[in-house]
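The values are calculated or read from the model by the stated rules, or taken from the named source; none is laboratory data. The shown structure was predicted, so the numbers you read here are calculated from the model rather than taken from an experiment. Every residue, glycine as well, gets a Cβ built from its backbone with ideal geometry; the counts of neighbours run over all protein chains shown. In case anyone asks, the SASA skips ligands and DNA or RNA and just uses the protein heavy atoms, side chains included. Shrake-Rupley method; radii C 1.70, N 1.55, O 1.52, S 1.80 Å.
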Amino acid sequence: CGSRESLKEVAERIAKEFEFSDVDVRRAVDGFVKQMNEGLRSHGCTIEQLPSFITELPTGFEKGTYLAVDLGGTNVRVCSVTLEGDGTFSLIQGKSAIPTVWMTCDNPSGLFNWVANFVHEFLEQNYPDSLTTAGTEDAQIFSLGFTFSHAVHQLDINSGNLIRWSKGFNIDGVVGQDICALLQNAFTELALPILVTALINDTVGTLLARAYASPKSVHTVLGAVFGTGTNGAYVEQTSKISKMTGSRTGEKGIMIVNTEWGNFDQGMEYLPTTSYDKTIDAGSVNPGFEMFEKRISGMYLGEILRLVILSLVQDPKVDIFDGVAISEMLKLRAKWGLDSSFMSHLEGDNSPDLSLSRTQIEKCIGMASFQDAQAIRIISHAIGRRSARLGAVAVGAVIVHTGCLKRGEGEGRVDIGVDGSLIELYPGFAAELKAALGEIEEIGEGEERIDIVVTKDGSGVGAALAAHVAAKRL
Ligand code: ADP
C-alpha cells in the first residue's frame, strides 16, 4: 500500500477538480455565442438577451442634471447626477434601508409610495426651489432614470412589466404591472416635478457610465458585473435582435442588450461540475437555474470553499486543524459561513509564513497550522481561478460575437466597464480573466487591446445617462 497523502497533496488533488482548461474555455465560448444567438431569435432562452430600448451610447459630451433611483435588494438610493459634458460628473446621494414591511405586503403601491416620500425628502433638502415652483411656468421638471434589479419584461425605454419578485420581496398585485407607471403614479400623487423617463438594469448602467467616461477615441462594448451575482450588457446591432416584433425589426443602428448571462448553459453542456457545485445547487433557492453564476459570483465562491474544507475535516484520512472534531467547528458548519472576501485575504497573502492567511482562517474557522493554511490557499486559489476563467468565457464570447476586435474602431482598442466587489477586490481576478481571453482562438494576442476598467456608480450615473437619452426622445 502507498504512503499516506500529505495535506498539500490532498489539496493539489482537489484543486485539479477545479481546473478549466484552455480547451474547455474555447468550447464554452462557442456554446456561449450559440446561446447568445438563440436568445436574440427567441424569447425564454437560457441567455435571455433582453432588449433595453437604449439605442445610442453616450459620447461623453452629455450635459445636464438628472435624477436616479436605484431600488436594490436592501437599500434604495436616490441621486442627482450632474453630467458636466466632458466625461466627468458630480453626484449628490441619499440612501435608506427599505423597511421590511414594504418588501412583503398586500398593498401594490406601498413600496412605491414610500420611495416617492424618500425622493420628496431628497428634493426638499437639495432642490427646495423645484418643489415651490412645481406646477408653475418656472417649474423645473426632472427626468429620472430608474435602476430596478428584479426580472422585468421591458416594453420600451420607460416601461416594463414585473415578471417576478426576487431577493425576498413579495408584494401582492405588482407582477404583470408596469413598475415605471407605479413609480410615476406615486410621484404624481405627491405632485413631485419628476418624469420617470428610463428603466435600466444595473449592467446597462455600468456600460453607459463607462462609455461616458471613456476616452472619445475608444468604443465601449460591454458592461459587466462580478459582485453578488454576475451579468453583462453589450452593444448589439438592432437588426440582429430578430425576436423583437414591430417597427424596430430590421432597423439599422444599435441597441444595448442585457444578456442575463448568469443562466448560461442550463443544459450543462459546457460548465465544469464538482460534487461541491452539485451540493450548492441542490441547496439553493433555484436548483437547476443560474448554473454559470453559481460557479462564478461572490455569493457562491466562499460557500464552495467552505464545502471543500468541511469535506476535508470530515475525512478521517486527512490531517487538518490538528484533528479538531467537526462537532466543535461551529463556524465551518454554518451554511454561507465563509464569504468570498475571505478568499481575497488568502489570495493577497505574500508572507512566507502565511501569517496573514492563518490569522484570517483563525478568525473565520479556527486555529490553523502553516500546513492547514497552505492547503486551504491552494484550494481557494483554484476556485477563484476557475471563476475568473469562466468570467472570461462570457466576456470573450461577447467580443467574438460582436467582432469588435476585428473592426479596428477606436484605435483598435476594446473597452469594457466592470463593477462588483469580486472583480474590484479579489487580487488577480481581472488579470486571470484577461489571460484566459488570450487563449481564445479568435482573440489571441488581441487580448492586449482589451481594456477592463472598473466603473463605479453604474446605477447612478448610468441611470442619469439613460434618462438623458430618453429625455431627448420626448
Ligand atoms: P452587489 O453585487 O450586491 O451590488 P458588491 O459588488 O459589493 O454588491 O458584491 C457583493 C459580493 O461581493 C458579496 O457576495 C461578497 O461576498 C463579495 N465581496 C465583498 N468583498 C469582497 C472581497 N474583498 N473580495 C471578494 N469578494 C468580495
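Out of segment 304-330, which residues are in a helix (DSSP H, G or I), of a type in the set (D, E, K, R) and surrounded by fewer than 22 Cβ atoms within 10 Å (Cβ to Cβ)?
Within segment 304-330, ASP322, GLU328 qualify.
Residues that are outside any helix (DSSP H, G or I), charged (D, E, K, R), open to solvent by 40 Å² or more (accessible area, probe 1.4 Å) and within 16 Å of the ligand (Cβ to nearest atom): does segment 336-348 have at least one?
yes
On the basis of being without any contact (Cβ under 8 Å) to a residue 24 or more places away in the chain and either within 24 Å of GLU293 (Cα to Cα) or in a helix (DSSP H, G or I) (or both), does LYS434 make the cut?
No: the conditions fail for LYS434.
Kindly indicate which of LEU123, LEU155, LEU144, LEU190 is more than 30 Å from GLU290 (Cα to Cα) and open to solvent by 10 Å² or more (accessible area, probe 1.4 Å).
Working: LEU123 fails: open to solvent by 10 Å² or more (accessible area, probe 1.4 Å); LEU155 fails: more than 30 Å from GLU290 (Cα to Cα); LEU144 fails: open to solvent by 10 Å² or more (accessible area, probe 1.4 Å).
Checking each option against the conditions leaves just LEU190.
When you go through VAL453, VAL395, VAL418, VAL461 one by one, which is the residue that is in a helix (DSSP H, G or I), within 19 Å of the chain's Cα centre (by Cα) and within 16 Å of the ligand (Cβ to nearest atom)?
None of the others qualify; the one that does is VAL461.
When segment 294-312 is examined, which residues are found to be within 14 Å of the ligand (Cβ to nearest atom) and within 12 Å of TRP336 (Cβ to Cβ)?
Within segment 294-312, GLY298, MET299, TYR300, LEU301, GLY302, GLU303, ILE304, LEU305, ARG306 meet the criteria.
Would you point out the residue of segment 349-363, among those that are of a type in the set (A, V, I, L, M) and more than 14 Å from the ligand (Cβ to nearest atom), that is surrounded by the fewest Cβ atoms within 10 Å (Cβ to Cβ)?
Once the filter is applied, the top-ranked residue is LEU354.
Could you grab the pairs with beta carbons closer than 7 Å, sequence gap of 6+ or different chains, first residue in segment 69-92 and under 23 Å from THR220 (Cβ atoms) and in the same structural domain as SER143 (by TED's automatic domain parsing), second one open to solvent by 10 Å² or more (accessible area, probe 1.4 Å) and of a type in the set (A, V, I, L, M, F, W, C)?
CYS79/LEU91; CYS79/ILE92; VAL81/PHE89; VAL81/LEU91; THR82/PHE89; LEU83/PHE89; GLY85/PHE61; GLY87/ALA213
Those residues that are of a type in the set (A, V, I, L, M) and either more than 9 Å from the ligand (Cβ to nearest atom) or in contact with a Ser or Thr (Cβ under 6 Å, 6 or more places away or on another chain) (or both), I need them from segment 423-440; list them, please.
Going through segment 423-440, the residues of a type in the set (A, V, I, L, M) turn out to be 423, 425, 430-431, 433, 435-437, 440.
Listed by number, the residues that qualify are LEU425, ALA430, ALA431, LEU433, ALA435, ALA436, LEU437, ILE440.
Specify the residue that is nearest to the ligand (Cβ to nearest atom); the eligible residues are those in segment 213-233 that are closer than 14 Å to ALA388 by Cα and in contact with a strand residue (DSSP E or B) (Cβ under 9 Å, 6 or more places away or on another chain).
GLY227
Within segment 39-93, take every residue that is open to solvent by 10 Å² or more (accessible area, probe 1.4 Å) and within 16 Å of the ligand (Cβ to nearest atom) and give me the one that is farthest from GLN154 (Cα to Cα).
My answer is GLN93.
Would a scan of segment 285-303 turn up a residue that is open to solvent by less than 20 Å² (accessible area, probe 1.4 Å), in the same structural domain as THR230 (by TED's automatic domain parsing) and hydroxyl-bearing (Ser, Thr, Tyr)?
Looking through segment 285-303, at least one residue is open to solvent by less than 20 Å² (accessible area, probe 1.4 Å), in the same structural domain as THR230 (by TED's automatic domain parsing) and hydroxyl-bearing (Ser, Thr, Tyr).
Return the residues of segment 378-429 that are surrounded by fewer than 23 Cβ atoms within 10 Å (Cβ to Cβ), within 29 Å of MET268 (Cβ to Cβ) and of a type in the set (D, E, K, R); say none if nothing qualifies.
ARG385
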